[in-house]
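Down below is the structure, laid out as structure tokens.
Just so you know, all these numbers are worked out from the coordinates, no wet-lab data involved. All values derive from a computational prediction rather than experimental measurement. Cβ coordinates were reconstructed from backbone atoms using ideal geometry, including for glycine residues, and neighbour counts include every protein chain displayed.
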Amino acid sequence: MTSIKKIVIISILIICSFYAKGQNTIKYHFHPSNPDSCIVTFIDTVQNEVLRSFSLVEFSPFWNLPYPESDYKEDKSKTFDFSTIKAINNEIPGLVTYESSKNLIPLSGYTYSSIVFSPDNQFVVIPHYLMVFSEDRKFGYATVLHIYNSKGELYKTVESSDVEIITPRITNDGKYLVHGFGIELDDEGLEWSELGYRIIDLEKNVIILERSLGTNRSGVSLTGLYTNNNLIGSTVIEYKNNKPIITISLYNLESNLKFITEVTEEQLNRFKEITIKGILLNGVSKNDTNTVLLRFDTDFKSERIQ
């Protein structure tokens with residue numbers, strides 16, 4: 001089990017009456033160009049009542065930074081002028097910087113927010129991102145995750161001090177979070193930060209699993225992270241002799257088991273969903289309504305996680 005010192009998770013104590021699972025739901029109104037009009041709404045479907053509503057960027061720690069905005073404009077984002085900041089690490093929460101940034105000066109910052117739902121729509125993760133640039137390369141990368149339950153209550157806030165947080169996914173019960181790390185650092189794609197993923201136990205506030213994959217330049221890519229039925233999955237492609245080896249790993253944290261199988265590109269393209277029995281694949285053609293189940297008990301290898 002990895003030490004908590006690498007992550008910061010703020011737990012919010014919630015004292016409230018019991019709500020049956022499914023009584024509440026979360027809806028999202030998307031606006032293509034104005035993030036202040038991208039609205040997250042939490043609804044009590046039994047009482048037909050809006051419990052809470054706010055914009056995607058309303059609580060972003062980066063959206064209203066006290067620095068001049070750049071003339072560069074892009075939909076759903078802001079760009080700041082950081083050229084006057086002397087100690088940026090003290091100004092930006094969750095900022096991860098790189099060895100290659102030591103002798104560089106931060107010049108600008110690009111921020112935006114996104115949204116990710118748990119498969120059963122009972123939790124929502126709102127990642128707030130800030131990329132810091134120095135000329136033609138990244139100086140640093142910051143992410144703050146705000147996690148809400150279906151009543152609109154802030155459940156957890158997650159930051160990292162040593163790796164990026166990208167593509168976060170949360171399980172149905174809100175207990176586990178998985179996220180990737182590893183980004184392109186220069187415009188030419190010649191330098192990457194370390195690639196991999198982490199699984200975090202949000203209740204215990206600890207990293208329980210970390211898998212490092214090297215960098216994209218080493219012929220490995222992390223192409224998918226996903227959750228369903230409180231299972232956490234990853235898809236990793238490694239190229240050997242110019243041929244892809246596609247490995248799907250599924251983690252059942254409650255039973256402390258990892259299931260592993262290799263699939264073909266054709267099977268990967270037919271991926272439909274994770275079930276409690278295995279991975280369900282679509283038919284071999286668009287008109288084929290049959291599905292194929294890759295079963296945990298016969299088509300996967302299993303091993304203890306720890």
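Note down the magnitude of the dipole of the chain about its Cα centre, charges +1 on Lys and Arg C-beta and -1 on Asp and Glu C-beta and zero elsewhere, to the nearest 20 debye.
840
Could you calculate the contour length gain from L268 to N256, that is, 0.36 nm times the residue separation minus the distance between their Cα atoms, to one decimal place in nm? Don't skip to the answer; put the middle values down first.
On the way: separation 12, 0.36 × 12 = 4.32 nm, distance 2.52 nm.
The span from L268 to N256 would gain 1.8 nm if fully extended.
If the chain between E191 and S161 were fully stretched, how many nm would it gain, using 0.36 nm times the residue separation less the Cα-Cα distance?
Once the chain is fully extended between E191 and S161, it gains 8.8 nm.
Hey, can you grab everything whose amide H is under 5 Å from the amide H of L253? Only 5+ residues off in sequence or another chain; H modelled, so Pro and N-termini drop out.
I232
Just to be sure I follow: if Rg is taken over the C-alpha atoms of the chain and Rh is the Kirkwood radius over the same atoms, what is Rg/Rh?
Numbers: Rg = 20.6 Å, Rh = 21.1 Å.
My calculation puts Rg/Rh at 0.98.
Using a basic spin-label model with each label point 7 Å from the Cα along Cα→Cβ, how many nm lie between T84 and E153?
Distance between label points: 4.3 nm.
Taking trypsin sites (Lys or Arg not before Pro) as candidate sites, keep only those in a DSSP loop with at most 15 other Cβ atoms within 10 Å, then name the longest stretch of the chain containing none of them.
Values: sites that count: K21, K73, K86, K102, K204, K277, K286.
Answer from the scan: 103-203.
Tell me, what is the Rg over Rh of region 69-154, with Rh the Kirkwood radius over Cα pairs?
When Rh is taken as the Kirkwood radius, the ratio is 1.07.
Quick one: putting +1 on the C-beta of Lys and Arg, -1 on the C-beta of Asp and Glu, what dipole do you get for region 219-306 around its Cα centre, in Debye to the nearest 20?
So the dipole magnitude of region 219-306 works out to roughly 40 debye.
When the Debye formula is applied to the Cα atoms of region 219-306, each taken as the same point scatterer, what base-10 log of I(q)/I(0) results at q = 0.14, 0.18 Å⁻¹?
-0.50, -0.81
Take the cross-link list K78/K102; K175/K301; K102/K138; K27/K272; K78/K138; K277/K301 and give me the ones stretching past 19 Å between alpha-carbons.
Cα-Cα > 19 Å for K78/K102; K175/K301; K27/K272; rest within.
Region 62-94: which chymotrypsin sites (Phe, Trp or Tyr not before Pro) are DSSP loop and have at most 15 other beta-carbon atoms within 10 angstrom?
Of the chymotrypsin sites (Phe, Trp or Tyr not before Pro), the ones in loops of region 62-94 whose Cβ has at most 15 other Cβ atoms within 10 Å are Y72.
Tell me which GluC sites (Glu not before Pro) from region 45-135 have a DSSP coil assignment and no more than 13 other beta carbons within 10 Å of their own. Let's see the in-between values first.
Values: sites: E49, E58, E69, E74, E91, E99, E135; in loops: E58, E74, E91, E135.
Here the GluC sites (Glu not before Pro) that fit, given the DSSP loop and packing criteria, are E74, E135.
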